[in-house]
Every structure is written in C-alpha cells, then in structure tokens.
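Asker: Pasting in a structure now, in structure tokens, and then I'll have a few things to ask.
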Amino acid sequence: MRQTAPTRLLTALAVMLLTLLGCGLAASTWHVYGHTWDEPEHLAAGMSLLDTGRYDYDIQHPPIARLMLAVGPYLAGARSQGKPPPDGKPEGIAILYGSGHYDQFLTLARAGALPFLALLIVMTYLWGRAVLAPGGALLATLLAATTPVLIGHGALATLDVPSAATCLLAMYAIQRWLHSGRLMDALGLGLALGLAIGVKLSAIPFVGIGGLVLLGLHAWSAPARGAAREPVRRLQWAAGVVAATLVMFAVLTAAYGGRFVYLTDHAHKFNQALGYLFGYVSGPLHDPAYRFFADVPVPAAFQWIVGGIQALVVHNNGGHLSYLFGEMKTDGWRYFYVVAMGVKTQLPLLLLGLVGLWRLGCRGFSERAAVPLALPLIFVALFAFASFFSHINIGVRHLLVLYPLLAIGAAALLVEVYGWLRSTPAGARRAFVIAALTLAGTAELWAVVAPWPDYLPYFNVLAAHPERVLVDSDLDWGQDFRRLTLRLRALKVPSVSLAYLGTADLKREDLPPYVLLGPDQRATGWIAVSQLARIHAPQRFRWLDAYTPRERVGASIELYYVAPLGPAG
C-alpha cells in the first residue's frame, strides 16, 4: 500500500523514536559496567591506526568499527601508549587507565558503537517493510529495539552489534540491487559490502551465504524476460558487479589508511600474505605472483585482510576454550547455538519469531515471492553455518544478526493473528488467543524492565542457574568488577581474597588490600569469585561449595564471607 506524505513522516518519526529507545536503553547501562574482556583490544587497535597509522593489534578483525570506537577517546586526549603487538589488551588497558580518565574514555568508546546499534534497528524496519505493512514493520522494530541481548552488546565498545548491523545492511543492498539492477544501487552495494567486511571478516561467509540465498531466490521468482531485453539486463548487472567491487575495495583501502605498498622486492623475497595465497616456497603461482607484486603496488589493506583471514582460519581450526553445561572444550558443540539462543532469547520473541519465519516462508513459497522466503532461509542457513563450521563457541553474540529476523518473524505472525481476530466472532478460541497474546506481551515487557541494567547477562526462565549453562560473554565478560569495588567499599571490607578472570587492572582499581587465590588455596574472611574464573578452574574452588554466597554482585561475581576458625578449630 502506498503511504501518504503525512503517514511517511509519522512512520519515520516512529522509527526514530524506537531507535532512540534502543540506544537510550543501551546507554543507560554504561555507568554500571567496567570494561569487558575485549573492549581494551578494540580500543587499542583503533587508537593505533588513528594516532600512528599502524594496525598491529589483533589483525583478525578489520578497523572500521574500531576506528569509530577510538574517535571519541582520541578527541578527548587519549593516545597510543606503544605497548608491543600483537596482543592489544595491555595497550588498551594502558589507554583506559593511563591518564586518570577511565570513565570518560570508556564512555566515549562505547558511544562510538551506538551508531551501529541505531543502524541495526533501522535495518530491522527496512527488512520488515519488505514483507510487511508499515505497522508490522514498526512492531518488528520495537521488538528488536527492546531485545536484551541486542541492547546489552550494543552498549559495549565491541564488534558484535556493528557486524550484525552492517551484515544486514549488505544483504539488504544485495536485495535492492537484484530488484532494480540500477548503477546507484550497485554503488550502494559496494559501500555496504566494504563496511560489512571492514567491520568483521565473518561478514564474508555471512553476507556470502545470505547473498547466495537472495540470488537463488531472485532467479527462482523472476518472471520470464523478453529475449530482446535479456542481453541488456546481463550487461547492466555485469557493470553493477564491477562498480560494486571497485567501491568495496575503495572502502577497504581507505579503512586501512589508504596507503599503497610493494609486497616484496629483490631484497625481501618473502611476504606472509603472498605465501598464504600462493605458497610459501613453491607452487604453480608462487614465482609469477612474487614477480607481479614486486613491480605493482597494492593497497596495504590487501595484506592486512589476507592476514586477518589467515588468523581467523587458524583460530577457528584450533578452536577456542568454551563452556557449556559444565563441560569445557576447545572444538565446540554443534548444538551450542541451539542452547545459546534458547536460553538467551526472551521466550515470546523466540517462539513467535520461529513460527512467524516459518509462516513467512510458506507465504513466499506459495506466492513465489523471493523476500518472504529469503528471511527464513537466511536464518536457517546462517544458523547452520555457525553450528556446523564454527569452533569458536564463546557466546550468542556471534549470531546477533539473526535477532532482527526473529523480530520480523514475530511481527509477521502477530499481524496475521490480528487479522484473524478481526474476522473471528467472539468465542472461546478468540478469548484464548487474546489471553495468550496478553501473556506474551506482558512477558516481553517484563524481559525489558526486570533485568535492567543487566541486559548483557540476560537469561530467560529456561536457565534457572545460568552459570550451569553458559558463561563466557553470555553471563560473565568481566563486566561486574566495577560493581564489586563499589560494593566492597559500601560494606567497608578491610581485605578480600579474589578469583577474577578479566582484563581489569587490579592495581589501579579502588580495591581494599587483596590477595589472588592460588590453586587449591583456601581462605577466610571476604572472598570474591567470578563465574568465568570458577568455570576455568572448577576443582580449585570446590571447597567453596560448602558455603553459601553472602550475595551476588551484578550477575557474575559471588561474594562470600567465611568466618575465621577459632582457636579450637
């Protein structure tokens, strides 16, 4: 249906207000959390590129979002501290703590992530508008803007929400260009692809898979074209592919500083990127490639991106120490994301979203419509890829791109149910559906209000004891250490024994005298143990099972008081 100008204005205003709602909820948690595990490294990498032009810290992630995170602290006076690469955490910690402006620098870094959260919310509306009327798309936007896992990660100076937002943008640009074939849309596609890949290299498989789904469905749903127009269409698309590719490479080149370099010369006959691509010693393309790149300068971004891909592949092949249901593994579980989304998503959104995506798929198949069918297929394809090919199982944050699709599915189902209610006379079935929707709406509202400010460690009612299910970045990412220092001060704790796993600089935190608990070391008095430390060494803290925590600080740190033994003990 066509919208009138006043209706379009009201819709735009509603999208803006919902975007401000989501960003406001995220920003309201900034003062609560100290920095999380990954934030210092992202800040360090972006700051190094801004301040020195070098990009040496943790190169498996590209710089675009990291530059956004570093701009605010840089303008406020933060500078690189010169810690040696490749580990950027010491450098980021030195930046945060170094000049006495910890809160200011951390807040400004987190503010740099808000535009990406805003983009994610807006993209939910645009994708929703592709399959729903404006009211339904606004409902999907509301659901996305109030999803705890999106708010929680959108409040951090990390890459997960930026990656989800730019991947959605890139897939939307693919769909738009496939539909129109226009040069301007091809240029927009190149920009979107450059942004997505320049934020996180996982965009390559995610957008690649989504793009293949969209391309296949476009061909499946396209009406027969006239023979006279087909060659023109192919030339138009070929020109669009070339234009999009050039713009994408231009964006990536600019992101890494815009420099052009010779990868090798007669004196330096080795280059890591060339070795990875064409063989380190020999190979059919080894010698021609080295001769070519010795004579032709290429963007410095080339070797950084290739190096990042190599680092990411090595990381995935080697796995990452992960936790699920009390077990620690390095190669992950194929059902990890089934569990993660099952316990980290509010139940109304999860159930309505999955059913709604299925209904959208049925509608798309019966109407031979590409976009309604694309949304559930993209959801399934990306979920399957993460489950079967990823060995880095460290949080639902790696699948945040799926949450806007869930929101659209839930909105589509609610719109369908609303239409059914309008056409159904009063009766027991109608009353039951209304009661069920009221309960779901109440539960959804409660999932936003009750957990505040703990959106990051939110779990639904299926995980009565979250620490027995998931921990790393889902429950404990080191975020509650600041709350611990405040609580110890409020309790006037004279000294404390600590078991903490995170990146806080304990010597610069406002702590009472403390000792770090060693292996199997028992202690008395005040004892603080973070969940991440506990799961990484469960035997070390088994003796604490005999005691009941005095309280939980935030969602992730248990605070004990163990009375000292008397003379008789």
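Each reported figure results from applying straightforward, stated rules to the coordinates on display, with no laboratory input. No experiment lies behind these values; they were computed from the predicted model shown. Cβ: placed from backbone, ideal geometry, glycine included. Neighbour counts: every protein chain shown.
Asker: Report the Rg/Rh value for the range 370-409, based on alpha-carbon coordinates and the Kirkwood definition of Rh.
Answerer: 1.01
Asker: Does the range 289-436 classify as rounded, prolate or oblate by the C-alpha gyration tensor (a ≥ b ≥ c root eigenvalues; a/c under 1.5 gives rounded; else a/b over b/c gives prolate, otherwise oblate)?
Answerer: oblate
Asker: How large is the Kirkwood hydrodynamic radius of the chain, counting all unique pairs of alpha carbons, in Å?
Answerer: Mean inverse Cα-Cα distance, inverted, gives 25.7 Å.
Asker: Still on this structure, please answer the following. Per-residue counts of other Cβ atoms within 10 Å, averaged by peptide: what ranking do you get for 517-525, 111-119, highest first?
Answerer: Result, highest mean first: 111-119, 517-525.
Asker: Note down the relative contact order for the range 481-562 as a percent, whole number, built from C-alpha pairs under 8 angstrom at least six residues apart.
Answerer: Relative contact order here is 32 percent.
Asker: Out of the trypsin sites (Lys or Arg not before Pro) in the range 363-458, which ones are loop residues according to DSSP with at most 16 other C-beta atoms within 10 Å?
Answerer: Arg368
Asker: Assigning unit charges at the beta carbon (Lys, Arg +1; Asp, Glu -1) and nothing else, what dipole magnitude in debye, to the nearest 20, does the chain show about its Cα centre?
Answerer: Dipole size: approximately 1340 debye.
Asker: Then there's this: Which ordering of Cys362, Cys167 is given by a fewest-first count of other beta-carbon atoms within 10 Å?
Answerer: Cys362, Cys167
Asker: Right, another one. Between Leu377, Asn271, Pro425, whose Cα lies farthest towards the positive end of the dipole of the chain when Lys and Arg beta carbons carry +1 and Asp and Glu beta carbons carry -1, centred on the Cα centre?
Answerer: Ranked along the dipole, the leading option is Pro425.
Asker: As a test of the formula, what do you get for the chain when each DSSP H run with n ≥ 4 contributes -39,500 (n - 2.57) and the sum is divided by the residue count, at 222 nm and rounded to the nearest 500 deg cm²/dmol?
Answerer: Helix-only estimate at 222 nm: -19000 deg cm²/dmol.
Asker: Further question on the same structure: Counting only complete DSSP H runs, which helices of the chain cover 20 Å or more along their long axis at the Cα atoms and score a mean Kyte-Doolittle of -0.5 or above?
Answerer: For the chain, where a helix must reach 20 Å along its axis and average at least -0.5, the hits are 5-27, 114-129, 160-180, 183-199, 203-221, 230-255, 300-318, 347-367, 370-389, 402-423, 428-449.
Asker: Bin width 5 Å, origin at 0, all Cα-Cα pairs of the range 481-562: what percent of pairs per bin?
Answerer: 3, 15, 31, 29, 17, 5, 0
Asker: Counting DSSP beta bridges with both partners in the chain, what percentage is antiparallel, nearest 5?
Answerer: 65
Asker: In nm², what is the average projected area of the convex hull enclosing the Cα atoms of the range 412-476?
Answerer: The orientation-averaged projected area of the Cα hull of the range 412-476 comes to 6.0 nm².
Asker: In percent, what relative contact order does the chain have, based on Cα pairs under 8 Å that are 6 or more apart in sequence?
Answerer: The normalised contact order for the chain reaches 16 percent.
Asker: Net charge within 15 Å of His153 by Cβ-Cβ distance, Lys/Arg positive one each and Asp/Glu negative one each, not counting His153 itself?
Answerer: Net of charged neighbours comes to -3.
Asker: Run the dipole for the range 481-562 about the Cα centre, Lys and Arg Cβ at +1, Asp and Glu Cβ at -1, nothing else charged, and hand back the magnitude in debye, nearest 20.
Answerer: Charge dipole, the range 481-562, about its Cα centre: 140 debye, nearest 20.
Asker: Sticking with this one: Just to be sure I follow: if Rg is taken over the C-alpha atoms of the range 305-355 and Rh is the Kirkwood radius over the same atoms, what is Rg/Rh?
Answerer: Answer for the range 305-355: 1.15.
Asker: Starting from the amide H of Val261, placed 1.01 Å from N in the peptide plane, find each other amide H under 5 Å away whose residue is 5 or more places distant or on another chain.
Answerer: Val298, Ala300
Asker: Right, next: As I understand it, the dipole of the range 481-562 uses +1 on the Cβ of Lys and Arg and -1 on the Cβ of Asp and Glu, about the Cα centre. Which of Ala546, Ser495, Ala523 lies farthest toward its positive end?
Answerer: Ser495
Asker: Another question, then. Contact order normalised by length for the range 1-103, with contacts defined as Cα pairs under 8 Å and 6 or more residues apart; what percent is it?
Answerer: It comes to 27 percent, rounded to a whole number.
Asker: State the extension gain, in nm to one decimal, for the chain segment bounded by Asp295 and Thr442, taking 0.36 nm per residue of separation less the distance between their alpha-carbons.
Answerer: Extending this stretch completely gives an extra 46.3 nm.
Asker: Given 37 °C and 0.692 mPa s, how large is the Stokes-Einstein diffusion coefficient of the range 248-304 in µm²/s, with Rh as the Kirkwood radius over Cα pairs?
Answerer: For these conditions, the coefficient is 280 µm²/s.
Asker: Using +1 at the C-beta of Lys and Arg and -1 at the C-beta of Asp and Glu, which of Val562, Met184, Gly46 has the Cα lying farthest in the positive direction of the dipole of the chain?
Answerer: Met184
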